[in-house]
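The values are calculated or read from the model by the stated rules, or taken from the named source; none is laboratory data. In this text, all values refer to a predicted model and were calculated from it rather than measured experimentally. In this analysis, Cβ positions are derived from the backbone assuming ideal geometry, glycine residues included, and neighbour counts consider all displayed protein chains. Side chains are part of the model used for accessible areas, which takes the heavy atoms of the whole protein and leaves out ligands, DNA and RNA. Shrake-Rupley method; radii C 1.70, N 1.55, O 1.52, S 1.80 Å.
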Amino acid sequence: MRVVTGLVVQKFGIGQAVSRFEDPRLVRGGGRYVDDIALPGMAVGYVLRSPHAHAKIHSIDLAAAKAAPGVLAVLTGADWQASGWGDLPVPGGLKRGDGSPMYRPRYPALVSDRVRWVGDYVAFVVAETHHQAADAAELISVEYEPVAAVVSTALAASDEAPRVFDDCPNNICFVYLEGDKTATDAAFARAAHIVRQHFVINRVTAVTMEPRGSIGDFNANDGRYTVYTTLQRAHPFRTELAGVLKVPEAKVRVVAGDIGGSFGMKSAVYNEVALVLLASRLTGRPVKWVSTRAEAFLSDAQARDNVTDAELALDADGTFLALRVKTIANVGAYLQTAGSAFIANLGSLAGVYRTPAIHADVTAVFTNTNPVRPYRGNGRPEAAYVIERLIDLAADTIGIDPAELRQRNAIPPDAMPFRTGLTFTYDSGNFAKNLEMALQLADAAGFPLRRKEALTRGKLRGLGISNTIERAGAPSYEGAEIRFDRSGTVTLFCGAINQGQGHETVFKQIMCDRLGLDPADIQYLQGDTDQVFFGEGTGGSRTATLGGSAVDAATRKVIEKARAIAAFALKAEAAQVKFADGVFSTPATNETLTVKEVARLAANPAKLPPGMEPGLVVTAVHRAEVENFPNGAHVCEVEIDRETGEVEIIRYSVVDDVGTVLNPLLLHGQITGGIAQGAGQILREDIRFDSVTGELLTGSFMDYAMPRASDLCAIAIKSNPVPTKTNPLGVKGAGEAGTVGAMPAIANALVDALSEFGVRHIEMPATAEAIWRAMGGGEGV
């Protein structure tokens, strides 16, 4: 299709800044989220949660609750055990320090004898209405015996720490080592400079716009289970859920409608999914559960939460020799699927630098807190933060400009492919140019004058940079199906699931670019395992790479089959038929057929070549053998009020390399959103528990400080695309890039602004109070 922009006729497709097709429906209230779904006879579920971080359960009295108005069922751990179903899925495959298998605790949907975090699952009440279920839950009498809890990441593995599981020594889940320790230690021994820093990367939570929800519907006639829920990956979810239910996958249907944000948090098979299905089987009615915001703080998986000691070794000229990192990572009270996946991104510690020797030592520990799972970046922002903060510390120690130190050690383009000192092999990128362009975009040369002017207003001005890289589209696969109907319009099915990124828009752009279609003639369907034939889902900045490539592959199959049909209709050899802008033509007859006309022919067996199956329907699966590596440079400028410690982000500039840019408007949106989440963690967001009782102290937006639009400035974004050859579109992932670069850039800007006070590091979140105290405020108080 061609569209007119001004006086220029452009082909609708790849590279255009097209607004999302999804948005008009959603902003007009046409979304269909879990809480919008109402099935006939549907009941409502409510979870009774533990008020204790760690306690033994001696008894549960359900009599009053079962007799309450509207109550249909009250389920406890005994009912879960009696169901015959399996525990919730947990990851495996790693080892402890002594070589024994990692500790994998059982993960029941309802506990029986002990609760292990404030919010743990004690009972599930099913009633006619939400209020009836909640009221009945208050009538349940539970006799608890509180026992000592551990919430501190740093102290969890100490001999004195209470054990989350009695048979798990030192609360250690697994120990993971990566890199060459011998070479790293040798490099440190000959280093001229060594910088060290202790980092506390705090715990945050996703606080998605739409809280989690699930509807379970068991059909006794065919023994089939249907769940409507919030997730990112329908087919793997179905596989895991079938394992819990102990039924064939064909007996399970998973449906994801519109998803109001996820960022990795919603992908697990949560307890409530199993509970609504069990409740539906027992009551004979569909059962819905939808989280409140307060309940989300208690039950959603949380993120980050690790303590790291890191060292960077340099020679006399400032060349990086080695990096040594030791981390304690908190996994919470239970393991969720992918809860250990952050170790796959340890290679991000290498950054864009030629550091020859790197060693990482990670110890994962249990605590009496919410489970931890992937959240936007999943180990990448943490790794980028560590290396980029160390570089600024090294620049300060040696007396080299931070940008110059980065450029001196950056991997040059002619070194590609480049195997880093820690696992990853980069295939493409121009890292030095990214930083050079970003500094120009930010007018870094004019910063000294702006800093001087800020002082006249009582403001401390700081400039921070980062030059980061991440792993995206990990070796994996995705499927797509293109189905033309008799009228020539199209339905596209894909296993990727949209949570606000704009999948429908980008996929339509690819199809229109390749097939010359009108986007209005394409319907996009996702998230229903009864409709979508195959898929892996969304996560890890993979959709453009894998889903986009699957759609691209499907369009090539369409062209191949349609060309044969067109050749038969035009009475020409297939090799003589050309295809461009949606039209098949041949010089043999000077006749043409549009792809829509060919689709109509395909529906009529009499119009097809002998032996060809009717229908213009194709499927394709794209399999990525290797990951790709999006990268980019961020420059942040902040002002700090000397009297109050209040921070304002004044300027923010980004130069990104995500390979081929499919839609610059959506790309900028992804980067901006990622920056907001990185800024939120550095400046405001913080999940905190009482150190003794384990009580959640930040359980609402009164306590958990989400970033607001007013906390950000306009963000200048440019692209420096270096297309990758790892996929046919040349694209690299973009979904997590903003967060990866923002955390270190903003932190570095804060320290730069505070440098006159001798501050070399400030932990996150750098709240106004923390900064005020770092400047000497409150001394003697």
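Principal axis lengths of region 306-353 from Cα atoms, whole Å, largest first?
That gives 47, 19, 9 Å along the principal axes, largest extent first.
How much length, in nm to one decimal, is gained on full extension between LYS607 and THR239, taken as 0.36 nm per residue of separation minus their Cα-Cα distance? Present the calculation step by step, with values, prior to reporting the outcome.
Numbers: separation 368, 0.36 × 368 = 132.48 nm, distance 4.11 nm.
Result for the pair: 128.4 nm of gain on full extension.
Could you point to the residue in VAL551, ASN590, THR619 farthest towards the positive end of the chain's charge dipole, with +1 and -1 charges on the Cβ of Lys/Arg and Asp/Glu respectively?
My answer, from the dipole projection, is ASN590.
Would you list, by chain and number, the aspartates and glutamates whose Cα falls below 17 Å from the Cα of LYS251, excluding same-chain residues fewer than 8 positions away?
Output for LYS251: ASP217, ASP222, GLU240, ASP528, ASP530.
Under 8 Å for C-alpha pairs, at least 6 residues apart: give me the relative contact order for region 36-139, rounded to a whole percent. Numbers along the way, then the final one.
Values: 177 pairs, mean separation 50.9, N = 104.
Once divided by the residue count of region 36-139, the mean separation gives 49 percent.
Under a cut-off of 18 Å between alpha-carbon atoms, report the lysines in cross-link reach of LYS326, not counting same-chain residues fewer than 8 places apart.
LYS95, LYS181
Rounded to a whole number of µm²/s, how large is the Stokes-Einstein D of the chain at 20 °C and 1.002 mPa s, given Rh as the Kirkwood radius over C-alpha pairs? The partial results should precede the final answer.
Details: Rh = 28.0 Å.
Answer from the Stokes-Einstein relation: 76 µm²/s.
Seen from all sides and averaged, what is the projected area of the convex hull of the Cα atoms in region 416-526, in nm²?
Details: hull surface 50.3 nm².
For the Cα atoms of region 416-526, the hull's average projected area reads 12.6 nm².
What distance in nm separates the two pseudo spin-label positions at ALA38 and GLU128, each 7 Å out from Cα along the beta-carbon direction?
Each label point lies 7 Å from its Cα, and together they span 1.5 nm.
Could you sort GLU453, GLU763 by accessible area so the largest value comes first, with the probe set to 1.4 Å?
Details: GLU453 85, GLU763 60 Å².
Largest accessible area first, the list is GLU453, GLU763.
Let's see if you can work this out: charge +1 on each Lys and Arg Cβ, -1 on each Asp and Glu Cβ, no other charges. What is the dipole magnitude of region 384-484 about its Cα centre, in debye to the nearest 20? Intermediate results must be reported in sequence, preceding the final value.
Working: 13 positive and 13 negative charges, 97 e Å.
Here the size comes out at about 460 debye.
Within region 156-195, list the trypsin sites (Lys or Arg not before Pro) lying in a DSSP loop whose Cβ has at most 12 other Cβ atoms in a 10 Å radius. Intermediate results must be reported in sequence, preceding the final value.
Working: sites: ARG163, LYS181, ARG190; in loops: ARG163, ARG190.
Sites meeting the loop and neighbour criteria: ARG190.
Can you grab the distance from the C-alpha centre of region 281-346 to the C-alpha centre of region 641-717, Å, no decimals?
18
Cα centroid distance between region 511-552 and region 448-498, in Å?
Between the Cα centre of region 511-552 and that of region 448-498, the gap is 18 Å.
Mean Kyte-Doolittle of at least 0.0 and a Cα length of 20 Å or more along the axis: which whole DSSP H helices of the chain meet both?
Numbers: long enough: 380-398 (27 Å, 0.31); 548-570 (32 Å, 0.55); 664-683 (28 Å, 0.72); 737-754 (26 Å, 1.28).
For the chain, where a helix must reach 20 Å along its axis and average at least 0.0, the hits are 380-398, 548-570, 664-683, 737-754.
Per DSSP H run of at least 4 residues, take -39500 (n - 2.57); add these up for the chain, divide by its residues and hand me the 222 nm value, nearest 500 deg cm²/dmol.
Theoretical 222 nm ellipticity from helices: -8000 deg cm²/dmol.
Only Cα pairs under 8 Å and at least 6 apart count here; give the relative contact order of the chain as a rounded whole percent. Show your work: numbers first, answer last.
On the way: 1949 pairs, mean separation 120.1, N = 781.
Reported relative contact order: 15 percent.
Compare the Cα positions of LEU277, GLY260, VAL290 along the charge dipole of region 249-292 (+1 at Cβ of Lys, Arg; -1 at Cβ of Asp, Glu; about the Cα centre) and return the one farthest towards the positive end.
So the residue furthest toward the plus end is LEU277.
Please find the FRET efficiency linking ASP703 to VAL759, where r is the Cβ-Cβ separation and R0 is fixed at 41 Å, and quote it to the nearest 0.05. Could the numbers behind the result be given before it?
Working: r = 26 Å, r/R0 = 0.64.
Plugging the Cβ-Cβ distance into 1/(1 + (r/R0)^6) gives 0.95.
Please say if region 367-440 is rounded, prolate or oblate, where rounded means a/c under 1.5 for a ≥ b ≥ c the square roots of the C-alpha gyration tensor eigenvalues, and otherwise the choice is prolate for a/b larger than b/c and oblate otherwise? Provide the component values of the computation, followed by the final result.
Numbers: a/c = 2.26, a/b = 1.43, b/c = 1.58.
Oblate.
Hey, quick one: spin label on SER158, modelled 7 Å out along Cα-Cβ, who in region 271-314 has an amide N within reach, i.e. under 19 Å?
306-309
Of VAL490, GLN523, GLY429, which is farthest on the positive side of the dipole of region 427-538, counting Cα position, with +1 on Lys and Arg Cβ, -1 on Asp and Glu Cβ, and the Cα centre as origin?
Working it through, the farthest residue towards the positive pole turns out to be GLY429.
Roughly what percent of Cα-Cα pairs across region 176-326 reach past 27 Å?
Numbers: 5364 of 11325 pairs.
When all Cα pairs of region 176-326 are counted, 47 percent exceed 27 Å.
Regarding region 534-657, what are the three Cα extents along the principal axes, ordered largest first, in Å?
If we take the Cα atoms of region 534-657, the spans are 83, 33, 24 Å.
How many nm separate the modelled label positions at GLU625 and LYS56, each set 7 Å beyond the Cα in the direction of the Cβ?
Reported label-point gap for GLU625 and LYS56 is 5.8 nm.
Enter the accessible area of THR425 (Å², nearest 10), with the probe set to 1.4 Å and all protein chains included.
In the full protein context, THR425 sits at about 60 Å².
Shape call for region 482-539 from the C-alpha gyration tensor, a ≥ b ≥ c root eigenvalues: rounded (a/c under 1.5), prolate (a/b greater than b/c) or oblate? Before the final figure, lay out each step's value.
Values: a/c = 2.35, a/b = 1.37, b/c = 1.71.
Oblate, since a/c reaches 1.5 and b/c is not below a/b.
Quickly work out the LYS571-to-ALA183 label distance, labels modelled 7 Å from Cα along the C-beta direction, and quote it in nm with one decimal.
6.9
Based on alpha-carbon centroids, what's the gap between region 53-79 and region 145-170 in Å, whole number please?
Rounded to whole Å, the Cα centres lie 28 Å apart.
Residue separation times 0.36 nm, minus the C-alpha to C-alpha distance between ASP396 and PHE165: what's the value? Could the numbers behind the result be given before it?
Details: separation 231, 0.36 × 231 = 83.16 nm, distance 4.46 nm.
Result for the pair: 78.7 nm of gain on full extension.
Explain nothing, just the number: dipole magnitude of the chain about its Cα centre with +1 on each Lys and Arg Cβ and -1 on each Asp and Glu Cβ, in debye rounded to the nearest 20. Present the calculation step by step, with values, prior to reporting the outcome.
Details: 76 positive and 88 negative charges, 405 e Å.
Taking the Cα centre of the chain as origin, the dipole is about 1940 debye.
Rounded to the nearest whole Å², what accessible area per residue is found for the chain with the 1.4 Å probe? Can you show the working numbers first?
Numbers: 29510 Å² over 781 residues.
On a per-residue basis, 38 Å².
So for region 252-302, what are the equivalent ellipsoid semi-axes in whole Å, largest first, each being the square root of 5 times an eigenvalue of the Cα gyration tensor? Working shown, then result.
Working: eigenvalues 91, 39, 21 Å².
The three semi-axes for region 252-302 are 21, 14, 10 Å.
How large is the charge dipole for region 612-699, taken about the Cα centre, if only the Cβ atoms of Lys, Arg (+1) and Asp, Glu (-1) carry charge, to the nearest 20 debye? Write down the numbers at each step before the final one.
Working: 5 positive and 15 negative charges, 56 e Å.
Its charge dipole is roughly 260 debye.
May I ask you to list the lysines whose Cα is less than 28 Å away from that of LYS433, ignoring any residue fewer than eight positions away on the same chain?
LYS718, LYS725, LYS732
Rounded to a whole number, what is D in µm²/s for region 328-371 from Stokes-Einstein with the Kirkwood radius over alpha-carbon pairs (4 °C, 1.567 mPa s)? All intermediate terms of the calculation are to be shown ahead of the outcome.
Working: Rh = 12.1 Å.
After rounding, the answer is 107 µm²/s.
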